[in-house]
1. Please compute the Kirkwood hydrodynamic radius of the protein assembly as shown from all pairs of different C-alpha atoms, in Å with one decimal.
2. So what is the diffusion coefficient of segment B:138-208 in µm² per second by Stokes-Einstein at 10 °C and 1.306 mPa s, using a Kirkwood Rh over Cα pairs?
3. Would you mind ranking A:CYS46, A:CYS40 so that the residue whose beta carbon has the fewest other beta carbons within 10 Å leads the list?
4. For peptide B:85-93, what's the mean number of Cβ atoms from other chains within 10 Å of each residue's Cβ?
5. Quick one: Karplus J couplings for segment B:148-162, per residue in order, coefficients 6.51, -1.76, 1.60, θ = phi - 60°, nearest Hz, x for Gly and Pro?
6. Can you compute the helix-only [θ] at 222 nm over chain B? Use -39500 (n - 2.57) per DSSP H run of at least 4 residues, normalise by all residues, nearest 500 deg cm²/dmol.
7. Rg (Å, one decimal) plus Dmax (Å, integer) for the alpha carbons of chain B?
8. Taking only Cα atoms and a 10 Å spring cutoff, compute GNM fluctuations for chain B and point out the largest among B:GLU173, B:GLU86, B:GLU78.
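All of the numbers you see were taken from the coordinates with simple rules; none came from a lab. Remember, it's a predicted structure, so these values are computed and weren't measured experimentally. Glycine gets a Cβ as well: all are built from the backbone with ideal geometry, and neighbour counts include every protein chain shown.
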Amino acid sequence: MTKITYIEHDGTEHAVDVPDGLSVMEGAVRYTIPGIDGDCGGACACATCHVYVDDAWKDRVTPMNELERDMLDFAFDVNDNSRLSCQIKVSPALEGLIVRTPARQY
Amino acid sequence: MTNLTRSRKDISPAFFKTIVESVPEAIIIAAPDGTIAYFNPASERLLEYTQDEVIGRNITMLVPPQPDRRADVMKWLERWAHEPDETQSRFLDLIAQSKSGRQMPVDVRVTEREIEGERRYFITVRDNTARRREQASFKEAHLKASRILQIAEDGIVSADAAQNITFFNLKAEQMFGYRAEDVLGRPLSMLLPERYRHRHAKEVEAFGTGKQASRKMNERGAVVGLRKNGEEFPMEVAITKVTVGGAITFTAHARDVTRRKHQEDLLKESERRFRAIFDHAFEAMGLLSPDGTVLEINRAGRLMTEGSSQLVGLPLWDLPWAGSDLAPDDSARQRLKNAIADAARGDVVRYTADLYRAEGDVRKIDISLTPVKDELGQVVYIVPEGRDVT
C-alpha cells in the first residue's frame with residue numbers, strides 16, 4: 001500500500017492507500033475519485049486519465065515513453081507536470097505522491 | 001442481372017459517383033500535405049462549407065489548432081492511416097470547426113491509398129457530439145452511484161449468483177479488516193463465523209428465489225460477522241437483490257453494532273442492579289407520576305397492599321389495601337391524595353398514617369413522599385416510601 005493524495009480541480013483532497021502494482025489511474029478508479037476517467041482502461045490509448053504530478057514528484061515517477069507523450073496531444077491544458085496516470089505504476093517509492101486532476105478530461 | 005445486383009467490376013463510374021455523393025457519411029480526400037482534393041455532399045452538410053470553398057486548401061482549416069490542446073491533425077491522420085481499423089481514434093476525437101464556428105468532437109477514420117498515381121488519405125468524419133455527451137452523462141451517473149456506495153456509512157458487500165464477492169466498499173474494508181483486493185471473487189461466507197456459513201448460504205439462496213427485493217437479516221436473530229483477525233462482532237444487516245442483464249447481484253448493507261450492543265448490555269446490567277436493590281429493599285417503595293399514578297411498586301410495597309397483581313396504573317390512594325384500609329372513613333385516603341399533590345408541587349411530605357387491618361389491629365405506617373425533579377426543576381416523579389413503625 002502506498003499513500004497517494006489526489007487533489008481535484010476544486011481543491012478536494014483524497015488521501016488513499018493504493019495497492020502497489022496498480023497504476024495511479026487504477027488507484028483513482030478503485031476509490032471512485034472524480035476527475036480521472038480512464039476510458040481505454042489503461043492501454044494508453046486515450047488521454048482521459050491526465051493528471052498533473054506535484055513538482056516534488058515530477059522526477060521520481062516512472063518516466064514518460066513516446067506513446068504517452070503522443071497521447072497527451074489529446075489531453076487539455078497540458079503542462080510540464082502533465083502525465084497519463086495509467087502509465088505511473090504505484091510502488092513504495094511513491095509513498096506520499098500528490099497528483100492533481102485537470103478541469104476536464106474530454 | 002439488374003442494375004442493383006451486379007458485381008463491382010461491372011459498375012459504371014457514374015454509379016460509384018452516386019454512391020459517394022449519396023452516403024450520409026462525410027468523405028474527404030486529402031493529399032499527404034493536407035491539401036483537400038475531394039469533399040462530398042455529406043461533408044458540405046456537416047462542415048457547412050461548399051466543396052469550392054475547401055478544395056485546394058489545407059485540411060487544418062477544418063480542424064484548427066486548439067488553444068488548450070496540442071493534437072495536430074496531419075500528425076494523427078498519418079498515424080491512424082497506418083493503424084488497424086479497430087484501434088484508430090477509438091478513444092480519441094479531433095475537434096472540427098464548421099464554417100459558422102461550431103466546434104464538434106469528430107470521429108475520424110482514415111486509410112491511405114494511391115489514386116491516379118498519387119498518395120491520398122481517404123477520410124471519413126462523423127460528428128461525435130451526441131455520443132460523447134451521452135458517454136459523459138453515463139460516466140457521471142455511474143461515478144455518482146459508485147461513489148455513493150463506495151463512501152457509504154454502511155458496509156456494503158455485493159455478491160454474484162454463486163455468492164462470491166463482487167463489491168466491497170470502504171466501510172466494509174474497515175469493518176471486516178480486509179482490503180477489497182483480498183476478498184473480491186471469494187465466497188461471501190468468509191465474512192461469517194464457520195458455524196453460520198451453511199445456513200447463511202441457504203438463506204441467501206432462498207432470498208434469491210423469493211419475491212421480496214430486500215430483507216432485514218436480523219429478523220431471525222442476531223447476525224455475527226467475522227473480521228480478518230478472527231474477532232466476531234454483532235452486525236445489523238439488510239440484504240437486497242438486483243437482477244441486471246439476467247445476472248443477480250446480492251448486496252448486504254451491514255452495520256457494526258458492537259458499540260450499541262455494549263451500551264445496551266451496560267444498560268441492562270444497570271437496570272438489573274437497580275431492580276435488585278428496589279425489589280429487595282426492606283421498605284415499601286414505589287415510583288409515582290406527579291398525579292399519583294403508580295409507575296413502579298416494589299415487593300415490600302406489594303406485600304403492604306397484600307399483593308394484588310395489577311397495581312401499576314392506579315392512583316396510589318386507590319390501591320386495594322386488601323382486607324385493610326387507611327382509615328374507617330375516607331379522610332385518610334383524602335390526606336394521602338393531598339400529600340401527593342403537595343409533593344407534586346415540590347415539597348417533601350412525611351407523616352404517620354394508621355392502617356386498619358381486617359384482623360382488627362392497627363399498624364402505624366411512616367409515609368414519606370419525595371419529589372424527583374428534572375434539570376428544569378419540574379417534578380417528574382414522586383418516590384413514596386412506607387415503613388411499619390408500629
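1. Roughly 30.9 Å, rounded to one decimal.
2. Translational D for this selection: 122 µm²/s.
3. With the fewest neighbours first, A:CYS46, A:CYS40 line up as A:CYS40, A:CYS46.
4. Mean number of neighbouring Cβ atoms from other chains: 4.
5. Running phi through 6.51 cos²θ - 1.76 cosθ + 1.60 with θ = phi - 60° gives 4, 5, 4, 9, 4, 7, 9, x, 10, 10, 9, 9, 8, 4, 7 Hz.
6. Values: 11 runs with 122 residues, N = 390.
It lands at -9500 deg cm²/dmol.
7. 43.5, 137
8. For chain B, modelled as a Gaussian network with Cα springs under 10 Å, the answer is B:GLU86.
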